[in-house]
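The values are calculated or read from the model by the stated rules, or taken from the named source; none is laboratory data. Worth saying up front: this structure is predicted, and the values here are computed from it rather than measured. In this analysis, Cβ positions are derived from the backbone assuming ideal geometry, glycine residues included, and neighbour counts consider all displayed protein chains. Accessible surface areas use protein heavy atoms only, side chains included; no ligands, DNA or RNA. Shrake-Rupley method; radii C 1.70, N 1.55, O 1.52, S 1.80 Å.
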Amino acid sequence: MIDTFKSVIDALSTPTVSFTLLSIFTPLVFPPTDWFDKINRKFGIWRLWTKPGLYTGMGFITFFFVVGYFDPNFNITLTKPDNFPIILMIYSMFFFLWLGMSKAYVNDERIDKGLKPVEYNDPDDKVLVWPDLVYIEFISLILFMVFLIVWSILVAAPLEEPANPATTPNPSKAPWYFLGLQEMLVYFDPWLAGIVFPMFIIFGMMAIPYMDTNPKGDGYYSFKERRIGIFIFMYGWLILWLFLIVIGTFFRGPNWNFFGPFEYWDPHKVVPLNNVNLSEYFWVKMLNTGLPSNIMLRESLGFITVFAYMFMFPIFLAKTWFKDLFAKIGPVRYTSLMLFGLSMFSLPIKMYLRWFFNLKYIIAIPEWFFNI
Amino acid sequence: MAKNDKQKSLLERLGESQVWKSIIRSGVPKTRRQRMHAILGSVFLHLHPARLPKHAVKVGYTWCMGGLSFFLFIVLTITGILLMFYYRPTVEYAYTDIIDLTEQVPLGIMRELHRWGAHAMVLTVWLHMLRVFMTGSYKPPREFNWGVGVLLMTLTLFLSFTGYLLPWDQLAIWAVTVGTNMARAHPFIGHEGPGASLLAIGDINLVHMGSDVRFALLGGRFVGEATLLRFYVLHCIAVPFIAMIFMAVHFWRIRKDGGISGPL
Amino acid sequence: MSDEKITPAASVGESKTQSVNGNNTGRRGFFKWLTLGWIAFGAATGGFFTVMIRFLFPNVLFEPPQTFKIGFPENFARNAVDLRYKKSYNVWVVRDEESIFALSTVCTHLGCTPNWLQTEEKFKCPCHGSGFRMTGINFEGPAPRPLERYKVSISNDGQILVDKTKSFKWEKGEWENPESFLTV
């Protein structure tokens, strides 16, 4: 029974499967359109944001960790002191997401009925900061300090062997909050995954208030009024950041190979990773000629692909499906929305290209350190 | 008002003493007016307005995560200062000093508090961001403050990253090697980034291993003595200093943008 | 917003007085000082930032020597990777059928040190899974280009001399360079 559960989880957690499933689930859990909303209602996915949903979710996470604790292989990763924050993160993110979404659903219903959101109070009926807020702050920081001290007494801060520049530990992982970035580095060159994308994440996040022109849902939990915005944010936040951290922590083993959580970390696991560039696909496999010596000619197909994706595609969208959006938010907002949005979705696209076609680079110019 | 001296409680007498009144001018905050004075007269508490809408004090709405992040920043500052008494940022001593911290100092959980506190702060900052997003609190007039918040989150991560190197163990140098090698690939100013080879006079590359942004970060071509010192200074002084400036702006703007967000 | 369309009262008054006086020197002089002021400001900030950035680049580095001897060519077995100098100098010395060369142990992806897996005959990087053949050619994982080779030569006493200050990159065709290997 438990073994079946373990092998099912191992099979499900392969990135090809888990990432696909989660990508399909996200629009169902946070339905951005009426069509998705209908499916959400049909399968009762909204029940996740009710109390039974909370208990089920918490129960499943706990069951997973308890089974993992008694599994000799998962136990090693699970009980590493530095991985404790990840466990904390999984619990707290789920709980607070549930909290916010359940409040949002309550408010959505109230707004449908024409009522004000729960948070609304008479502006003249205010409370005093002293003592009403100050004591809450005081209690919460005392409780948090107690938690932190207990945590510090129970779990010693890890210290590995002294630094040795000649031996890289296998696997060698970045701090846990950067594992999303490290996962990105598998699919993109350092100049993109290490510099350009982090910049885009920072500037893209800072640009959110300017790109999201929807005035509704300001100052209270709500979902229906701003479902597209919430969907895009949640996909980036939950799947492309937090889930990649979970992959990096629990599913990446020696030689950065992929391992199911209950699988033994075999350092000699052989995974064929013969990656091929788009130019090689085109010139060698399709046309059966050698690679042209002219770099620009060699990579012309890659340049056309990237240009089409980043520049032609938004123009095409602006004329068709996003016509209303373009008219509403104007060219500057639209351009930045597309720049950040398409860059964000280029990560899953590149991941799938790598998994299914072993595609390494779309543009590969190692001579200039310019690989995409 | 004119109570008999004998009926007054100790607290009341204390509240009327010259010392107390010199500190909190309105006396013991008991009436509504005195309580508002207590907030307005305190340099620390006047981060808050004197009065708040009711929903703003509910933990269910705020999750208290912003406050906890600030609290953790203070905890980390204090524990960090204490750690600096024992720690020497050199390749020779760094690792052994860290071992000494746990073994030769009574109640030596200071490093644990610092490390787990740093992990916890990353989490509280992320949860704070999630709350602000889910309540739509980044919407006008709070766009600018959301941007400041994003920068503060980046600084939190950078503080954690620079702190990672200091124990000088295997985890430290390899996490930092990987991290700083990304800088090597910075377009134009990293020696293995796209466009770096364009910045050349004749045959001489201007951007090479000894003159790029990674060199400036490491203080050398490899992660070594100079790197440890640079990251130590960044971690203990430079980044907290910048973070404090942004924090001041962040808190100021919460007040100036109309206090905590709420439905209109 | 609409503020741009409103002319501030002060400037209206100013232009009025000037047209009355018929005297433009006040304004011209003002702009002269303004330009000078901006130049001074730019020079001061620019100068400060130059000094600040230059301060990050010391002239003297205390790093291990980049040129070293690794013994005689006979000490290296054919078709094998020599791991002896990995720890001290960060090089692998590889000898194939006809040549000896020194490979950099720095992964071209993000600079971790790969491990030589004898059974699979490849260098495998633990950080992101890049794999390199014995020659240093990359064939799997995210590494964008092969490992670099260092300059090798025979010193006067017959030992091999490795010079890490000069590296040879495959993608630039530099492995053809006779300095990048020793024929034995």
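Being aliphatic (A, V, I, L, M) and assigned to a loop (DSSP other than H, G, I, E, B) is not true of A:V127.
Among the residues in the stretch B:185-202, are any closer than 24 Å to A:N170 by Cβ, open to solvent by less than 20 Å² (accessible area, probe 1.4 Å) and not acidic (D, E)? Checked against the condition, which is being closer than 24 Å to A:N170 by Cβ, open to solvent by less than 20 Å² (accessible area, probe 1.4 Å) and not acidic (D, E), the stretch B:185-202 yields at least one hit. Counting only helices (runs of 4 or more DSSP H) that fall entirely inside the stretch A:267-369 and contain at least 2 residues that are at pLDDT below 90, within 22 Å of C:G131 (Cα to Cα) and away from every other protein chain (no Cβ under 13 Å), the qualifying elements are A:323-357.
The single condition from (1) assigned to a loop (DSSP other than H, G, I, E, B); (2) facing another protein chain (nearest Cβ under 7 Å); (3) within 30 Å of A:A364 (Cβ to Cβ) that B:V207 fails is (2). Counting the residues of the stretch C:71-98 that are surrounded by 16 or more Cβ atoms within 10 Å (Cβ to Cβ) and closer than 19 Å to C:T135 by Cβ gives 12.
Listed by first and then second residue, the pairs linking a residue in the stretch A:144-172 that is within 7 Å of chain B (Cβ to nearest Cβ) to a residue that is open to solvent by less than 40 Å² (accessible area, probe 1.4 Å) and in a loop (DSSP other than H, G, I, E, B), with Cβ atoms under 6 Å apart and 6 or more places separating them unless they lie on different chains, are A:L159/B:P167; A:A163/B:W168; A:T168/C:C112; A:T168/C:T113; A:T168/C:P126; A:S172/C:C112; A:S172/C:P126; A:S172/C:C127. Selection within the stretch B:61-90: residues that are facing another protein chain (nearest Cβ under 8 Å) and open to solvent by 30 Å² or more (accessible area, probe 1.4 Å). The member of this set that is modelled with the highest pLDDT is B:F71. Test A:I76 against the criterion of being without any contact (Cβ under 8 Å) to a residue 24 or more places away in the chain and assigned to a helix (DSSP H, G or I), and give yes or no. No: the conditions fail for A:I76. Comparison of C:G136, C:G158 shows that the only residue that is small (G, A, S), closer than 27 Å to A:A174 by Cα, assigned by TED's automatic domain parsing to the domain that holds C:G71 and in a loop (DSSP other than H, G, I, E, B) is C:G136. Does the stretch B:240-258 include one or more residues that are open to solvent by 50 Å² or more (accessible area, probe 1.4 Å), facing another protein chain (nearest Cβ under 9 Å) and in contact (Cβ under 8 Å) with a residue 40 or more places away in the chain? No, there is no match, as no residue in the stretch B:240-258 is open to solvent by 50 Å² or more (accessible area, probe 1.4 Å), facing another protein chain (nearest Cβ under 9 Å) and in contact (Cβ under 8 Å) with a residue 40 or more places away in the chain.
Quick grid of which residues meet (1) within 8 Å of chain A (Cβ to nearest Cβ); (2) touching a Cys at 6+ places or on another chain (Cβ under 6 Å):
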{"site": "C:F101", "(1), (2)": "no, no"}
{"site": "C:V106", "(1), (2)": "no, no"}
{"site": "C:H109", "(1), (2)": "yes, no"}
{"site": "C:L117", "(1), (2)": "yes, no"}
{"site": "C:F123", "(1), (2)": "no, no"}
{"site": "C:C127", "(1), (2)": "yes, yes"}
{"site": "C:R133", "(1), (2)": "no, no"}
{"site": "C:G136", "(1), (2)": "no, no"}
{"site": "C:P142", "(1), (2)": "yes, no"}
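Cβ-Cβ contacts under 8 Å between residues 6 or more apart (or on different chains), taken from a first residue in the stretch B:47-59 that is at the interface with chain A (Cβ under 7 Å from one of its Cβ atoms) to a second residue that is open to solvent by less than 70 Å² (accessible area, probe 1.4 Å) and basic (K, R), are listed as B:R51/A:K126; B:L52/A:K126; B:P53/A:K126; B:K54/A:K126. Against the test of being facing chain B (nearest Cβ under 8 Å) and open to solvent by less than 50 Å² (accessible area, probe 1.4 Å), the options A:F178, A:F188, A:F223 yield a single qualifying residue, A:F178. For the stretch A:107-157, filtering for residues that are within 26 Å of B:I109 (Cα to Cα) and either surrounded by 14 or more Cβ atoms within 10 Å (Cβ to Cβ) or acidic (D, E) (or both) leaves 12. Total residues in the stretch A:103-117 satisfying the condition of being closer than 17 Å to A:W49 by Cα and at the interface with chain B (Cβ under 8 Å from one of its Cβ atoms): the figure is 2. Cβ-Cβ contacts under 9 Å between residues 6 or more apart (or on different chains), taken from a first residue in the stretch B:63-81 that is free of Cβ contacts under 8 Å to residues at least 12 places away in the same chain to a second residue that is of a type in the set (D, E, K, R), are listed as B:C64/A:E137; B:G67/A:E137; B:F71/A:E137. Only one of the numbered conditions (1) modelled with pLDDT of 80 or more; (2) open to solvent by less than 80 Å² (accessible area, probe 1.4 Å); (3) among the hydrophobic types (A, V, I, L, M, F, W, C); (4) farther than 30 Å from B:F215 by Cα is not met by C:L36, and that is (2). Out of B:A226, B:A216, one residue alone is under 20 Å from A:N164 (Cβ atoms) and aliphatic (A, V, I, L, M). It is B:A226. Among the residues of the stretch B:177-184, none qualifies, meaning not one is open to solvent by 10 Å² or more (accessible area, probe 1.4 Å), modelled with pLDDT of 85 or more, facing chain A (nearest Cβ under 7 Å) and assigned to a helix (DSSP H, G or I). Screening the candidates B:L151, B:L123 for the property of being touching a residue at least 60 places away in the same chain (Cβ under 8 Å), part of a helix (DSSP H, G or I), facing chain A (nearest Cβ under 9 Å) and under 23 Å from A:W176 (Cβ atoms) yields one hit, B:L151. All conditions but one from (1) buried (at least 23 other Cβ atoms within 10 Å of the Cβ); (2) modelled with pLDDT under 90 apply to B:T102; the one that does not is (1).
Filter the stretch C:52-76 down to the residues that are among the polar types (S, T, N, Q) and part of a loop (DSSP other than H, G, I, E, B), then identify the one that is modelled with the highest pLDDT.
Checking each candidate, the answer is C:N59.
Taken over the stretch A:241-266, residues that are of a type in the set (S, T, N, Q), within 11 Å of chain C (Cβ to nearest Cβ) and assigned to a helix (DSSP H, G or I) amount to 1. When A:Y177 is tested against (1) under 30 Å from B:A38 (Cα atoms); (2) out of contact with any Cys (no Cβ under 8 Å at 6 or more places or on another chain); (3) not assigned by TED's automatic domain parsing to the domain that holds A:I247, only condition (1) is not met.
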